[in-house]
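Below: one structure, written as structure tokens.
The values are calculated or read from the model by the stated rules, or taken from the named source; none is laboratory data. Not measured: the values here are computed from a predicted model. Cβ sites come from the backbone with ideal geometry, for glycine too, and all protein chains shown count toward neighbours. With ligands, DNA and RNA removed, areas are computed over all heavy atoms of the protein, side chains included. Shrake-Rupley method; radii C 1.70, N 1.55, O 1.52, S 1.80 Å.
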Amino acid sequence: MADGGFQKFVTISGGADGFFFNGPKETKQINAHLKFGRNEYRFALQATVVGEMAINDEGTYYDGPQWPTSWHKWGSGKKESDLPSWKDQKSNRGNWPSVEAHVYDAVSSWVFIMSMTLAAQHR
């Protein structure tokens, strides 16, 4: 997801249906909620009728003492994550990395290992 190749990965792994326990009729959605220190990232995955996956409820959150915050919502029904666009994003409160940039750094640092593991499990 961090490199913008999510649909390609789903396609070469045999399509979306194989990622859902007993298929998408049994498992409607896969939810993920990841925490990296004070930064959080969530999203949901749903199979589409054409064998792709839709990314829903993508959001980021900062749980820090400096500012009250709420979830930043990045949309639903997307084929690719917004993660790649967050790489160098600056905070709207100063010239330092945004919550999204911290999330991108965390996810992109282990995405290759996760992709290889998922591909091996899928076979």
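The figure for His102 is an accessible area of roughly 80 square angstrom, using a 1.4 Å probe on the protein chains alone.
Run the numbers on the chain and let me know its relative contact order in percent, using alpha-carbon pairs under 8 Å that are six or more apart. Walk me through the numbers before you get to the answer.
Details: 198 pairs, mean separation 29.3, N = 123.
Reported as a whole number, the value is 24 percent.
On a 0 to 90° scale, report how tilted helix 99-122 is relative to the longest principal axis of the chain, with both axes built from alpha carbons and the result rounded to the nearest 10. It is inclined by approximately 20 degrees. Protein heavy-atom accessible surface, 1.4 Å probe, per residue over the chain: 62 Å². Heavy-atom accessible surface of Asp3, to the nearest 10 Å², is about 120 Å², with a 1.4 Å probe and all protein chains retained. For Glu58, nonlocal amide neighbours, meaning residues 5 or more places apart or on other chains whose placed amide H falls under 5 Å from its own, are Ala44, Trp74, Gly75.
Grab the Cα-Cα distance for Arg38 and Asp63, subtract it from 0.36 nm times how many residues apart they are, and report the gain in nm with one decimal. Mind dumping the intermediate values first?
Details: separation 25, 0.36 × 25 = 9.00 nm, distance 0.49 nm.
Taking 0.36 nm per residue and subtracting the Cα distance, the gain is 8.5 nm.
Going by accessible surface with a 1.4 Å probe and the largest first, Glu40, Glu80 read Glu80, Glu40.
Find out how many positive minus negative residues lie around Arg42, taking Lys and Arg as positive, Asp and Glu as negative, among other residues whose Cβ is under 10 Å from that of Arg42. Let's see the in-between values first.
Working: positive: Lys35, Lys73; negative: Glu40, Asp57, Glu58.
Overall, the nearby charge balance is -1.
Summing Lys and Arg as +1 and Asp and Glu as -1 over all other residues whose Cβ lies under 13 Å from the Cβ of Lys78 gives a net charge of -3. Here region 19-70 exposes an accessible surface that is 51 percent carbon and sulfur, computed with a 1.4 Å probe and the other protein chains kept in place.
Binning the C-alpha pair distances of region 1-55 at 5 Å intervals from 0 yields a P(r) profile of 4, 19, 25, 24, 15, 8, 4, 1 %, listed from the shortest bin outward. A 1.4 Å probe, protein heavy atoms only, puts the accessible area of Trp67 near 90 Å². Accessible surface ranking for Tyr41, Tyr61, 1.4 angstrom probe, highest first: Tyr61, Tyr41.
About its Cα centre, what dipole magnitude does the chain give when the only charges are +1 on Lys and Arg Cβ and -1 on Asp and Glu Cβ, stated in debye to the nearest 20? Display every interim value, and only then the final one.
Values: 13 positive and 13 negative charges, 14 e Å.
Dipole about the Cα centre, nearest 20: 60 debye.
Report which label in (i) 33; (ii) 55; (iii) 77 holds the value of percent of Cα pairs over 23 Å apart derived from the coordinates of this structure. Looking at percent of Cα pairs over 23 Å apart for this model, the match is (i). Remark: accessible surface ordering of Ile30, Ile12 (largest first) is Ile12, Ile30, probe radius 1.4 Å.
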